[in-house]
Amino acid sequence: MLLFRLLVLGNSVSAYGSYLNLVAVNVFVYRTTGSSLAVGAFMALRLAATVVSGFISGELVSRHDRRKIMVAADLLQAAALVGALLTSREARLVALYAFALVTGACATASQTALRSAVPEMVGAAERVGANGLVATGRSIAMVAGFSSAGVLTAAYGYSAALAVDAGTFLVSAAVLSLLPLRTRADGALPGAEGEAGEAGGEETRRTGPGALVLLRAFPVVAVLIAVRGVDGLGSSSHNVALPVYSAIRDAAHPAAFISWFWATWAVGNVVAQQLCRRLALRRGRPPGERAFALGACVMSAAFIAVFSTPPTGPAMGLALLAGMADGFTETVYVSRLQETPDHWRGRVFGLSAVAENTGFGLGMLLSAALLERSSPFAVVGAFHGLAIALCLLLLAWLQRRRRRGGGPVGTGARASYSGRTVRPVLTEGTDA
């Protein structure tokens, strides 16, 4: 795990750069153009690129070297950012829009490749702990990136902040290039004539497009991805509503509550990763689909309660609970999807990226529009309430499927091979 911890460190540095540019680049676009419409177009382009890239990334990750994909993604983002800084003022807006497309597409490709490769890097038994390390690193990077963006730009200017951002991608690329970690199962290397690799491709051609293949082969995984997409609606609602809610709580210092909220959330997130890892080690297997649904219900309920205007102390306690539930569900979800066979895993995580980014993007648009007419509590309650309702339906469906013998508890998704064609056996577990 030592080599993987070094990879997590590099990935966290890259994630720090990503969260830094979410703040710094958006403000840089506004200062360059003086137009809020230009900022909106920049954000829309980046979001669209993340969604479209999900469809393409799954196929790329399934067919090509995952390490090279992650390295290329970091290098392209660094190059696009440097290009935007070096272009003339007249051409800078076009360069920034190009950067929006590049960073959106590359972020999705890199995440899909990393999530797909984790079981091969550390082994299936260690994947829960590994996923927890990745999520912990990204949580810390998010808080650090958001909190330092204003300090860096105020002290050294936007060019310096964006140069630091580009440097983080180069650090990540260097770490990935140097670490001798395997990213693909034996016999499933790109271009190899292994039975597993050919079987996956033949099955995909035989049964149809990715989403239909997934639904037929792994129905529980397909449902989890759909639930995760709706969960993205809830996540976007509290992200959009938080600045408005903070201003309502303390008009003189609205940033204070936001800072405390995200810092407390991050602490809960990190704690949950460790608890999830210990739970998996004690039980000999990771929590399953029912645990994911229950955790998502707790997370959404905690976010709704935060926006019900409790005193600051209880609000931070709820933020801690939301962070813990968020970290738990993230680890359980990713670990569950990683149970799919290696040659399917890239497409699974590609479709997951499409669902998550589409839900989050659509939620941002709808939340922003609804906040013009409704309170933050009403908007967050509606979106997270929808997520809770869907999770309760998921629990009912899993229970019904279990009673009908939909699969032995805790078995996960297995595949039996016959000749040169893979035929997944529908034995997905419903263990909590």
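Semi-axes of the equivalent ellipsoid for the chain, please: Cα gyration tensor eigenvalues, times 5, square-rooted, ordered largest first, whole Å.
Values: eigenvalues 230, 152, 75 Å².
In descending order the semi-axes read 34, 28, 19 Å.
Entry note: the range 360-400 has Rg to Rh equal to 1.15, where both radii use alpha-carbon atoms and Rh is the Kirkwood radius. Annotation: the range 1-59 has a Kirkwood hydrodynamic radius of 13.6 angstrom, from the mean reciprocal C-alpha pair distance.
Using the Cβ-Cβ distance between R216 and R249 with R0 set to 60 Å, the FRET efficiency works out to roughly 0.75.
GNM remark for the chain: springs join alpha carbons under 10 Å apart, and the peak mean-square fluctuation among L162, L85, L178 falls on L178.
Rounded to the nearest whole Hz, the Karplus-based 3J(HN,Hα) values (6.51 cos²θ - 1.76 cosθ + 1.60, θ = phi - 60°) of the range 14-29 follow the sequence 4, 5, 4, x, 5, 6, 4, 6, 4, 8, 5, 5, 4, 5, 4, 4, with x at glycine and proline. Computed from backbone phi with θ = phi - 60° and the Karplus coefficients 6.51, -1.76 and 1.60, the 3J(HN,Hα) list for the range 88-104 is 5, 4, 5, 9, 5, 5, 4, 5, 5, 5, 5, 4, 4, 5, 5, 5, x Hz; x is used for glycine and proline. Ordered from largest to smallest accessible area (heavy atoms of protein chains, 1.4 Å probe), the residues I248, I56, I388 come out as I248, I56, I388. One equal scatterer on each Cα of the range 295-395, no solvent, Debye formula: the resulting log10 I(q)/I(0) at q = 0.10, 0.16, 0.19, 0.23 Å⁻¹ is -0.35, -0.82, -1.07, -1.29. For the residues S300, S88, a 1.4 Å probe over the protein chains yields an accessible-area ranking, largest first, of S88, S300. Could you compute the FRET efficiency for A91 and S35, with r as their C-beta to C-beta distance and R0 at 25 Å, rounded to 0.05? Calculated value: 0.95.
Whenever you get a sec, line up R182, R401, R31, R138 from highest to lowest accessible area (probe 1.4 Å, protein heavy atoms).
Reading off the accessible areas and sorting them downward yields R31, R182, R138, R401.
Computed over the chain, the per-residue total of -39500 (n - 2.57) for DSSP H runs of n ≥ 4 gives a 222 nm mean residue ellipticity of -28500 deg cm²/dmol, rounded to 500. Whole-Hz Karplus values for the range 274-286 come out as 5, 5, 5, 5, 5, 5, 5, 5, 5, 8, x, 7, x Hz, taken residue by residue from phi with 6.51 cos²θ - 1.76 cosθ + 1.60 and θ = phi - 60°; glycine and proline positions read x. Counting every Cα pair in the range 231-353, what percent are over 19 Å apart? Everything past 19 Å amounts to 52 percent.
The values are calculated or read from the model by the stated rules, or taken from the named source; none is laboratory data. From a predicted model like this one, the values you see are computed outputs, not experimental measurements. Methodologically, a virtual Cβ is constructed for each residue, glycine included, from the backbone with ideal geometry; neighbour enumeration extends over all protein chains shown. For the accessible areas, the whole protein counts, side chains as well, though only heavy atoms, and no ligand, DNA or RNA atoms are used. Shrake-Rupley method; radii C 1.70, N 1.55, O 1.52, S 1.80 Å.
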